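**Student:** Take this structure, written in structure tokens, and hold onto it; I'll ask about it next.
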Amino acid sequence: MTAAPPDTATDTAPATEWRSLDPRTVAVHLSWLAAPLGSLGLTALATHGRLDTRAWITLGCIAAGFAVITTGGLLRWWRTRYRITADAFELRTGLFTRRLRAIPLHRVRNVDLTAHPVQRLLGLTVLRAGTTADGATGGSALTLEALTRPDAERLRAELLARAGSADTTGEPVLSTVDRRWLRYAPLTFWIFGGVFAVLGTVWRVLGDIGVEPWRIGVVRDAFREFGHSALWLTVPLALLGIAAVGSLGAVVLYAENWWKYRLERTDADTLRVRRGLLTTRSVSFERSRLRGAVLREPLLLRLGGGATVRAVAGGLGSREENCKRSQVLPPAPRAEALRVAAAVAAPGPGDGAPALFDRPALRPHPAAARRRRTVRGMVWAVLPGTAALTVLGALLTPVLLYCALGYALLAVVLVLVLARDAHRSLGHGVTGRHLLIRSGTFSRDTVALARDAVLAWSFTDSPLTRRAGLTTVTAAVAAGQDGYRAPDMAAGDAVPFAAAAAPGILDEFLVGDPDGATDPLSPPGRRP
């Protein structure tokens, strides 16, 4: 007898057979029950176990919801299948309406892994494969919920390998977390806003379950003592207490978001960020989709000598998703931020010098831009508060008139300082293969964009800015925030800057004069 030839179809079947999700994904979908069950438990605790009719109705709704979601989760798991063929990544879903989605492997540009605490507890991970066509809706991305961690890692490696972006060893690690960076966590105005947001949420939840917070003894006594004490002493102490609680919360959030942070090159064409304590995240950026970087320096963080970095990259989904996924460095020392920003914006040999962001050669904006910021501060910050206190003082008590005077003096000084800082932050320039734009005072952003990534220019002015000789120039790119503004630039510098930064885009719109000057806003046949 002769041996039968090998069955080639059988040999290749594992590569193209349909695979299913992990059955524990059903348990993940049931995690939403924690909130209503917790609310019901608080109600039972507040009423000493005496549940009213509304509570029993809530319990019945929870039971019905449990049955519906369990059934739906089982059906979704049963009808969800995926596979990798020779040239595509396919996902099949649906029971009554069946849906088959596929993306070509050669267009897969990033494969991200995320896992929230419930998924991590169950050992599961969500995989999201993005393509070059990821637009505002993110409709060209496929998401699998949920895989085991080893399966997700193998699938990501398989997708990147089949897409031509296989991992290599020995690539450099660009940055890792340092525990000393925790000192930058409280340097944000949200240490106050976050506390009030949490208190408001707790207040609303207690109200929803039938508990009136102002009738709780501790709360009532605290308000009474606060009102009867010396406000000049209790108000600063209250602010210090809020700042302390907010700072502690900021440190906890920083640790949760950036625990085990690691920015590395997985191969010559891929940059990857891994981070997270309770919710783990892994975001990949393809080198060909990187368009630049943003060095972001919020006011308090800048005063503390820190900064953050965001990548300007395509294929990250909608604007909201882009905001969540584009950050490549947490609040860190400015020197570290300069190094990482330069490496992300200019990954080529010799292009990653920190000088790209550190003291860049920027052309300053005219003094008229400073006057505009001063006037806006006076109109929107000084006048309303002063007028309101003055009117109340005239109607109620003369003490408020002195408060109006003090507010006006303090606000004027603050507006002048901030306007000066905002004007000093303005600048634009062209260096090598990048154009640079810097602006902002509460958040000073220095943007480095690849010149060949600019798709269009927008020139914006108003009657007031035209009279002041100012123009706002916006560079449109198919990445990041879609457009980056250079506000209040000298009108005479706008067109030369745009023409030098991205030659060829404005040629058909320019109107020349005998002296060689050009202006894209002039009507045809008229000298600028």
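**Student:** Identify the residue in region 104-147 that is modelled with pLDDT under 80 and among the hydroxyl-bearing types (S, T, Y) and, among all such residues, is farthest from R272 (Cα to Cα).
**Tutor:** Ranking the candidates gives T137 first.
**Student:** Here is a list: R310, R363, R359, R372. Which entry is within 30 Å of G469 (Cα to Cα) and crowded, with 18+ Cβ neighbours inside 10 Å?
**Tutor:** Unique residue meeting the criteria: R372.
**Student:** Considering (1) farther than 30 Å from A491 by Cβ; (2) modelled with pLDDT of 85 or more; (3) open to solvent by 30 Å² or more (accessible area, probe 1.4 Å), say which one P354 fails and leave the rest.
**Tutor:** With respect to (1) farther than 30 Å from A491 by Cβ; (2) modelled with pLDDT of 85 or more; (3) open to solvent by 30 Å² or more (accessible area, probe 1.4 Å), P354 is out only on (2).
**Student:** Taking the stated definitions as given, is T308 of a type in the set (S, T, N, Q) and over 16 Å from the mean Cα position of the chain (by Cα)?
**Tutor:** Criteria not met by T308.
**Student:** Mind counting the residues in region 402-419 that are under 23 Å from S439 (Cα atoms) and open to solvent by 50 Å² or more (accessible area, probe 1.4 Å)?
**Tutor:** 4
**Student:** Same structure, new question: Check T471 against each of (1) free of Cβ contacts under 8 Å to residues at least 24 places away in the same chain; (2) open to solvent by 20 Å² or more (accessible area, probe 1.4 Å) and name the one condition it does not meet.
**Tutor:** Every condition holds for T471 apart from (2).
**Student:** Let me ask something else about it. Being open to solvent by 30 Å² or more (accessible area, probe 1.4 Å) and in a loop (DSSP other than H, G, I, E, B) is the filter here; which residues of region 474-512 pass it?
**Tutor:** Once the filter is applied, which keeps residues that are open to solvent by 30 Å² or more (accessible area, probe 1.4 Å) and in a loop (DSSP other than H, G, I, E, B), region 474-512 yields A478, Q481, D482, P503, G504, I505, L510.
**Student:** Kindly indicate which of V399, V430 is open to solvent by 50 Å² or more (accessible area, probe 1.4 Å) and touching a strand residue (DSSP E or B) at 6+ places or on another chain (Cβ under 9 Å).
**Tutor:** V430
**Student:** What tally of residues in region 77-87 results from selecting those that are part of a loop (DSSP other than H, G, I, E, B) and either in contact with a Lys or Arg (Cβ under 6 Å, 6 or more places away or on another chain) or surrounded by 16 or more Cβ atoms within 10 Å (Cβ to Cβ) (or both)?
**Tutor:** The number of residues fulfilling the criteria is 1.
**Student:** Any idea which of (1) open to solvent by 30 Å² or more (accessible area, probe 1.4 Å); (2) modelled with pLDDT of 75 or more; (3) closer than 30 Å to V126 by Cβ is the one R180 doesn't satisfy?
**Tutor:** R180 satisfies every listed condition except (3).
**Student:** So which of L303, L329 ends up being modelled with pLDDT of 90 or more and surrounded by fewer than 21 Cβ atoms within 10 Å (Cβ to Cβ)?
**Tutor:** Being modelled with pLDDT of 90 or more and surrounded by fewer than 21 Cβ atoms within 10 Å (Cβ to Cβ) holds for just one of L303, L329, which is L303.
**Student:** Here's a follow-up. W190 passes all but one of (1) in contact with a Gly (Cβ under 9 Å, 6 or more places away or on another chain); (2) among the hydrophobic types (A, V, I, L, M, F, W, C); (3) at pLDDT 80 or above; (4) open to solvent by 60 Å² or more (accessible area, probe 1.4 Å); which number fails?
**Tutor:** Of (1) in contact with a Gly (Cβ under 9 Å, 6 or more places away or on another chain); (2) among the hydrophobic types (A, V, I, L, M, F, W, C); (3) at pLDDT 80 or above; (4) open to solvent by 60 Å² or more (accessible area, probe 1.4 Å), only one is false for W190: (3).
**Student:** Which residue pairs have Cβ atoms closer than 9 Å, lie 6 or more positions apart in sequence or on different chains, and pair a first residue in region 429-448 that is more than 22 Å from L416 (Cα to Cα) and among the basic types (K, R) with a second residue that is in a strand (DSSP E or B) and open to solvent by 30 Å² or more (accessible area, probe 1.4 Å)?
**Tutor:** Cβ pairs passing all conditions: none.
**Student:** A further question follows. What pairs can you find where one residue is in region 88-114 and outside any strand (DSSP E or B), the other is of a type in the set (D, E), and their Cβ atoms are less than 9 Å apart, with a gap of 6+ or different chains?
**Tutor:** Close Cβ pairs satisfying both conditions: L105/D87; H106/D87.
**Student:** Between residues in region 304-324 that are more than 18 Å from A476 (Cα to Cα) and residues that are open to solvent by 40 Å² or more (accessible area, probe 1.4 Å) and aliphatic (A, V, I, L, M), which pairs lie under 8 Å by C-beta distance while being six or more apart or on different chains?
**Tutor:** G304/L187; G306/L187
**Student:** Just to be sure before I move on: is A387 open to solvent by less than 60 Å² (accessible area, probe 1.4 Å) and of a type in the set (A, V, I, L, M) in the structure I sent?
**Tutor:** Judged against the criteria, A387 is a match.
**Student:** Could I ask something else about it? For region 256-300, which positions are of a type in the set (A, V, I, L, M), buried (at least 18 other Cβ atoms within 10 Å of the Cβ) and over 25 Å from P360 (Cβ atoms)?
**Tutor:** V283
**Student:** A further question follows. Report yes if some residue within region 431-443 is assigned to a strand (DSSP E or B) and at pLDDT below 90; otherwise report no.
**Tutor:** Yes, region 431-443 contains at least one residue that is assigned to a strand (DSSP E or B) and at pLDDT below 90.
**Student:** Looking at this structure, is T201 at pLDDT 75 or above, out of contact with any Gly (no Cβ under 8 Å at 6 or more places or on another chain) and surrounded by fewer than 14 Cβ atoms within 10 Å (Cβ to Cβ)?
**Tutor:** yes
**Student:** In region 241-255, which residues are open to solvent by less than 60 Å² (accessible area, probe 1.4 Å) and touching a residue at least 60 places away in the same chain (Cβ under 8 Å)?
**Tutor:** G246, S247, A250, V251, Y254, A255
**Student:** Any residue in region 274-292 that is modelled with pLDDT of 85 or more and of a type in the set (K, R) sitting within a Cβ distance under 7 Å of a residue that is outside any strand (DSSP E or B) and crowded, with 18+ Cβ neighbours inside 10 Å? List the pairs, counting only those 6 or more apart or interchain.
**Tutor:** Matching pairs, first to second residue: R275/W258; R275/Y261; R291/G314; R291/A453; R291/A479; R291/G480.
The values are calculated or read from the model by the stated rules, or taken from the named source; none is laboratory data. These numbers were taken from a predicted model, which means no experiment stands behind them. Cβ sites come from the backbone with ideal geometry, for glycine too, and all protein chains shown count toward neighbours. We work out accessible area using only protein heavy atoms, side chains counted, and drop any ligands, DNA or RNA first. Shrake-Rupley method; radii C 1.70, N 1.55, O 1.52, S 1.80 Å.
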